[in-house]
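Beneath this line is the structure, given in structure tokens, with notes to follow.
The values are calculated or read from the model by the stated rules, or taken from the named source; none is laboratory data. Not measured: the values here are computed from a predicted model. We place every Cβ from the backbone using ideal geometry, glycine too, and count neighbours over all the protein chains shown. Heavy atoms of the whole protein, side chains included, go into the accessibility calculation; ligands, DNA and RNA do not. Shrake-Rupley method; radii C 1.70, N 1.55, O 1.52, S 1.80 Å.
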Amino acid sequence: MNPSTLKEKLDAGQVLLAPGVYDALSALLAEQAGFDALYLSGASIAYARLGRSDVGLTTYTEVEDVLARITERVRSPVIVDGDTGFGNALNVQRTVRGFERAGAAMIQLEDQGFPKRCGHLAGKSLVPAAEMCGKLRAALDARASAATLILARTDAVAVEGLDAAFERAERYLECGVDAIFIEALRSPVQLDAACARFAARVPLLANMVEGGQTPVESAQALAARGFRIVIFPGGTARAVAHALQAYYGSLREHGTTAPWRDRMLDFDQLNAVIGTPALLDEAARYS
């Protein structure tokens, strides 16, 4: 994996569509589908590892471990959700250094207070803008390479309103971050207002959450508005959960997977996807 790939694509003006992933298998499947970047969703790690909501329960070490396993398996650039940096400015520096070592191409940091929660849940709180600026400067100082990008997210729309969110984004941009994420924009009008103010100066990220606060649009439509990064972070977990509900229901009812055989991979097909033949060939070299 080459983190500079993401910076090069953004510098070239390419619009990146990044699906949410939460483990090495989901990342491998997304890479095989041809995406230019992947988004390691903190919410989806909570869903998959803990079976819990995105309310600040996951830790730095859990996210770092998942990230390292993903980047060991795929070459696609990974944008990783670093939540609040898991503490103060010193915690942020540890987070950035660890995520960079683990192969992150871009590290997202947000201005929520603790306990943080999903950006599309009610009841969020914010740290002061000055505190967040300190954390962002700490993040920028901590990275070993400028090719490791820092993405600043503000959740202020839901707490302080759109104008305050824009003012926070301006202050974060002044810190020198590489991209801006204004979470939970409420309407096409707000999407356009964000792009009118920022898109000419910095890559903007649009977050598409099925059933969330922001109207879901295609990557093409969002690119036409001016967004440069489009993520569908939790869609993977929601699709998997829906499929597994149906699969487990069918298995419980029928006592066999036969009704599902045309909707699943068989033993050899799954081994082909994950590269078992090549792995066995490699092992044979050392026999």
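Could you compute Rg(Cα) / (2.2 N^0.38 Å) for segment 211-287, with N its residue count?
Details: Rg = 19.8 Å, N = 77, 2.2 N^0.38 = 11.5 Å.
Cα Rg divided by the expected 2.2 N^0.38 Å: 1.73.
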With label points set 7 Å from each Cα along the Cα-to-Cβ direction at LEU29 and ALA243, the distance between them in nm comes to 0.3
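Per residue, what accessible area does the chain have, given a 1.4 Å probe and all protein chains present, in Å²? Walk me through the numbers before you get to the answer.
Values: 13250 Å² over 287 residues.
Ligands and nucleic acids excluded, the result is 46 Å² per residue.
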Expressed in nanometres to one decimal, the distance between label points 7 Å along Cα→Cβ at ALA200 and ALA144 is 3.9
In the list (i) 38, 21, 17; (ii) 29, 21, 20; (iii) 33, 22, 18, the entry giving semi-axes √(5λ) of the Cα gyration tensor in Å computed from the coordinates is (iii)
So the FRET efficiency between GLU131 and ALA193, C-beta based with R0 = 25 Å and rounded to 0.05, is 0.45
Expressed in angstrom and rounded, the centroid-to-centroid distance over alpha carbons for segment 191-205 and segment 223-283 is 35
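So which helices of the chain fit the span-like rule, where a helix is a whole DSSP H run, its Cα atoms reach 27 Å or more along the axis, and its mean Kyte-Doolittle is at least -1.0? Could you put the intermediate results ahead of the total?
Working: long enough: 235-254 (28 Å, -0.33).
The answer, listed by residue number, is 235-254.
DSSP loop trypsin sites (Lys or Arg not before Pro) in segment 20-114 with at most 16 other Cβ atoms within 10 Å of their Cβ, which ones? Intermediate values should be presented prior to the final figure.
Values: sites: ARG49, ARG52, ARG69, ARG73, ARG75, ARG94, ARG97, ARG101; in loops: ARG52, ARG75.
Hits after loop and neighbour filter: ARG52, ARG75.
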If one builds a Gaussian network model of the chain from Cα atoms under 10 Å apart, the most fluctuating residue listed among ALA165, ALA102, ALA12 is ALA12
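Nearest 500 deg cm²/dmol is fine: what mean residue ellipticity at 222 nm does the chain get from its DSSP H runs of n ≥ 4 alone, each adding -39,500 (n - 2.57), divided by its residue count? Each step should come with its number before you reach the end.
Numbers: 13 runs with 134 residues, N = 287.
The helix-only estimate for the chain comes to -14000 deg cm²/dmol at 222 nm.
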With every protein chain in place, the accessible area of HIS120 for a 1.4 Å probe, in Å² rounded to the nearest 10, comes to 30
Highest GNM mean-square fluctuation among VAL21, VAL177, VAL189, for the chain with Cα springs under 10 Å, belongs to VAL189
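What is the calculated FRET efficiency for ARG186 to GLU210, with r their C-beta to C-beta distance and R₀ = 22 Å, to the nearest 0.05?
Numbers: r = 16 Å, r/R0 = 0.72.
With a Förster radius of 22 Å, E is 0.90.
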Sorted by accessible surface (1.4 Å probe, heavy atoms of the protein chains only), largest first, THR61, THR154 come out as THR61, THR154
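Put PHE166, PHE114, PHE35 in order of accessible area, largest first, 1.4 Å probe: what do you get?
Values: PHE166 15, PHE114 165, PHE35 70 Å².
Ranked from most to least accessible, the order is PHE114, PHE35, PHE166.
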GNM of the chain, Cα pairs under 10 angstrom: of ASP65, ASP81, ASP268, the biggest fluctuation goes to ASP268
For ILE274, the accessible surface traced by a 1.4 Å probe with all protein chains present amounts, in square angstrom to the nearest 10, to 70
Within segment 212-287, DSSP-loop trypsin sites (Lys or Arg not before Pro) with at most 13 other C-beta atoms within 10 Å are ARG285
Contact order relative to length for segment 6-236, counting C-alpha pairs under 8 Å separated by 6 or more residues, stands in percent at 20
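Of the beta bridges DSSP finds with both residues in the chain, what % are antiparallel, to the nearest 5? Intermediate values should be presented prior to the final figure.
Details: 1 of 27 bridges.
In the chain, DSSP labels about 5 percent of beta bridges as antiparallel.
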Restricting to lysines and to Cα separations under 22 Å from LYS7, and discarding same-chain partners fewer than 8 apart, the set is LYS135
In whole percent, the fraction of accessible protein surface over the chain that belongs to carbon or sulfur atoms, probe radius 1.4 Å, stands at 53
Here the FRET efficiency for ASP281 versus LEU50, based on Cβ atoms and R0 = 41 Å and rounded to 0.05, is 0.65
